[in-house]
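Here's the structure we're looking at; comments come further down.
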Amino acid sequence: MLTALIIPVIIGMLIPATLSSCGGDGDGEVQITEISLNETTLNMKIGETYKLSVKYTPSNASTKFEWTSSNPSVATVSEGMVSAIAGGSTLITVKTIDGTITAKCMVNVSYKEPESISLTPKTISLITGETMELTTQVYPVDAYDKSVLWGSSNDKIATVNDKGNVTALTPGICWIYAKTKIGGFLDSCSVAVSKRPVEKVMLNEHEIEIYEDKTFTLAATIFPQNATYQSVIWYSANENVATVDRGVVKGVLKGETYIKVITEDEEKVDSCLVKVLSTNKINYTPYGNEEEW
């Protein structure tokens, strides 16, 4: 009879302990059983961002997730923040750490291709050495890629860099063009380049004395110093007295003459008076030996 009473008591004590160890409100981490995203399809434009949020069941479960994009070149994702990069589609996936439960969102990034380009101004006139910046406008204004390629029809007359800066080099007419990288739409600007004329030429000396068979170098400076044409011509008014070759004057015979320099552009002139002195030789025989003085 005593044994019959003890067994039910023991069983009654064991049942609560067994139930507690089997879960329910125990200390173990609660696992997610279902997740979903607030959006299953997302339409975006290049440059936009959007924060996806996760709903999960049960509400007291662990909230650690991994995010991935099937095509990161179209859109990337970090902690649910989606960033649209280029036109196209990509699948954003969120999953539990163990990878057993997932949710997905299709992201479509729309874009517009260039349809035309306008170059401003259409005509410019420059003097050699001058620069000017051209500007472009690609349409539609919200085209996703507005990259422009620049070029010159004659880079000996004028060049252009990748910023649209035109540099005039030599007199003439050429075309500067801008072309969209996508679609190849084109516009152009006429560039007329004129010379920067010579205003004057100046010699470093205007009167010199040299002996026969001796030389002296004259230097000519053109103004403005950035004049387009820098060529000059040298000549002597009397080559029997002195000659000149590219500014190097050589005394020939005692006398006076002018050495002149003239610019090929605008024919500007400067001159130098050249006095050639004699180098007479006196012969005598001191102590029986002939020497030259």
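Figures for the structure shown
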read-out	value
Accessible carbon and sulfur surface of region 75-120 relative to its total accessible area, %, 1.4 Å	51 percent
Candidates 128, 159, 243: whichever shows maximal mean-square fluctuation once the chain is modelled as a Gaussian network with Cα springs under 10 Å	243
Loop-resident sites, region 229-264, for GluC sites (Glu not before Pro), counting at most 15 other Cβ within 10 Å (DSSP)	239, 264
Of all accessible heavy-atom area on region 147-222, the percent that carbon and sulfur account for (1.4 Å)	49 percent
Modelled FRET efficiency - R0 25 Å, residue 59 with residue 81, Cβ distances, 0.05 increments	0.65
Net +/- balance of residues flanking residue 95 in space, Cβ distance below 10 Å, scoring K and R +1, D and E -1	-1
Gain on full stretching of the segment that runs from residue 141 to residue 104 - 0.36 nm per residue minus C-alpha separation	10.0 nm
Fraction of the pair-distance distribution of the chain above 36 Å, Cα-Cα pairs, percent	63 percent
Given charges at beta-carbon only (K, R positive; D, E negative), |dipole| of the chain in Debye	920 debye
√(5λ) per eigenvalue of the Cα gyration tensor, region 101-175, largest first, Å	40, 12, 9
Relative contact order (%) - criterion: Cα under 8 Å, at least six apart; region: the chain	11 percent
Protection proxy ranking of 177-185, 46-54 - average other beta-carbon atoms within 10 Å, highest first	177-185, 46-54
Nearest-20 debye value, region 119-265 charge dipole, Cβ charges on Lys, Arg, Asp, Glu	500 debye
Extreme residue, positive dipole direction of the chain, given options 173, 114, 188 (C-beta unit charges)	114
Per residue solvent-accessible surface (Å²) - the chain, probe of 1.4 Å	63 Å²
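The values are calculated or read from the model by the stated rules, or taken from the named source; none is laboratory data. Here the structure is a predicted model, which means the values were calculated and not measured. Here Cβ is always computed from backbone atoms with ideal geometry, including for glycine, and neighbour counts include all displayed protein chains. Side chains are part of the model used for accessible areas, which takes the heavy atoms of the whole protein and leaves out ligands, DNA and RNA. Shrake-Rupley method; radii C 1.70, N 1.55, O 1.52, S 1.80 Å.
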